[in-house]
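Participant: To start, I am sharing the structure in question, which I have written as structure tokens.
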Amino acid sequence: MHRSILLLSAITLFAAAPLIAGAQPAKPALYTADQATAGAAAYAQSCAACHGAQMEGVAAPALKGSAFGEMATAQGLTASALLDVVTNTMPQSDPGSLKPEEYNAVTAYILQQNGYPAGTAALAPGAAGIKDAKITP
Ligand code: HEC
């Protein structure tokens, strides 16, 4: 149900784009490649102990793959909300301990690991498009 509503609005918004052929709209570019690279290092240092080196989930939930995708879909999670959760509540052992640009970067890395492409605009709070970008599996 949700998917067909989403698809309908995607078709309405981007009628000229070649989306109709695919089952789902293409994932938008929401971060730069440099951010994802920096984010991978920050992730290894500050997140991997609980979420797993491959985001597979250890003491804490997986941050990619089908379980994460289902959670994101159930919550209607957007890129903006993901950035907020990471920035305000993680690492759970020491929230707020990273620099703002490290939170942006680590969130960029999560997006990359979930199949979102890099682009020219950096991910940051309030960046264009991130409130509308639903996280999908
Ligand atoms: C000390 C362990 C620990 C560390 C370190 C940690 N997390 Fe978490 N994280 C958790 C736990 C536990 C949860 C689940 C919390 C809940 O469900 O209320 C969680 C939840 C999350 C969620 C929401 C996932 C979901 O399925 O709801 C995200 C996103 C996240 N963490 C990202 C990060 C990032 C990015 C870092 C590094 C900056 C990080 N975490 C570091 C323990 C940790």
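Every number here is computed from the coordinates shown, using simple stated rules; none is lab data. Just so we're clear, the structure is a prediction, and the values are computed from it rather than from any experiment. For neighbour counting, all protein chains shown are included, and Cβ atoms are generated from backbone atoms with ideal geometry for every residue, glycine included.
Participant: Is it the case that segment 77-96 has a residue that's surrounded by 15 or more Cβ atoms within 10 Å (Cβ to Cβ), within 10 Å of the ligand (Cβ to nearest atom) and among the small types (Gly, Ala, Ser)?
Facilitator: Yes: one or more hits.
Participant: Next question. How many of the residues making up segment 55-76 are more than 8 Å from the ligand (Cβ to nearest atom), under 24 Å from GLU101 (Cβ atoms) and out of contact with any Leu (no Cβ under 9 Å at 6 or more places or on another chain)?
Facilitator: Matching residues across segment 55-76 total 1.
Participant: Within segment 110-119, can one find any residue that is near the ligand (Cβ under 10 Å from one of its atoms) and either more than 18 Å from TYR31 (Cβ to Cβ) or free of Cβ contacts under 8 Å to residues at least 40 places away in the same chain (or both)?
Facilitator: no
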